[in-house]
């Protein structure tokens, strides 16, 4: 049944519900967070119950306040109460069934203990027979293993003896071979001693020639040093002469250049003087012989003389 509230009553109820929601929110901030698993594991049962109730009331009041502000009704409050009643009834049924299950489990445990007591003797007899069978199997298995180990040991001993015999033979052969080599070394040593005794003079001659060689090498080294000194001196003198020759060559080349230049200048001067003389002679010749611009003009003859001559 939906009841409608309006006017001042709506404001009062809304303010009361809002105040309750605020107080529950403050309580939620003070209390630990029950949504975390670790907090739920550490929190006592009473605190869990209080936290669940607080969350339920806060949700119901928030929904009711929203419904009052929108529609002016509080139908959600009735629905929440009915659902909570049903949930508690279901929880009560579950608790009753759990208690009945516990009682039944205890009865079954008693029956199981009685059955176990009856079957204990039979189980012991069966276990004894089983252990005897296992003991017999172990004896047979141990006997077989002992025989196998014994045969393996005998085989290893036989193989070891055979291997030792072969190694002994190899060692004897090596001893004989080494004795033969030792005898050969002794013979060679004696021959070397006799050879050295017979050729002792070779050693004396060798020492003499070594000393002679060293002395000759010293003399030749001194001669070589003297030759190197003379070579260095001659090289220095040659370098000085080369420098002098080079300087003289430069002087000679300079003189040759100057002489050539002087000859060219003298030749040019001679050519210039000869040209002047030739020009003077030519001018004199032209003037004397009245050639060119100095040629004399011819005088005109009178007509009478021409006529008289014609007659």
In the range 53-77, which residues are more than 14 Å from residue 15 (Cα to Cα), in a helix (DSSP H, G or I) and in contact (Cβ under 8 Å) with a residue 40 or more places away in the chain? 75
Assuming residue 290 fulfils every condition listed in (1) modelled with pLDDT under 85; (2) part of a helix (DSSP H, G or I); (3) surrounded by 10 or more Cβ atoms within 10 Å (Cβ to Cβ) apart from one, which condition is it? (2)
State which residue pairs qualify: first residue on the phi < 0 side of the Ramachandran plot and inside the range 140-164, second residue at pLDDT 70 or above and in a helix (DSSP H, G or I) in any location, beta carbons under 9 Å apart, and separation of 6 or more residues or different chains. none
Members of the range 61-71 that are in contact with a helix residue (DSSP H, G or I) (Cβ under 6 Å, 6 or more places away or on another chain) and over 15 Å from residue 19 (Cβ atoms): 63, 67
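The values are calculated or read from the model by the stated rules, or taken from the named source; none is laboratory data. Remember, it's a predicted structure, so these values are computed and weren't measured experimentally. Note that each Cβ is placed from the backbone with ideal geometry, even for glycine, and that neighbours are counted across all protein chains shown.
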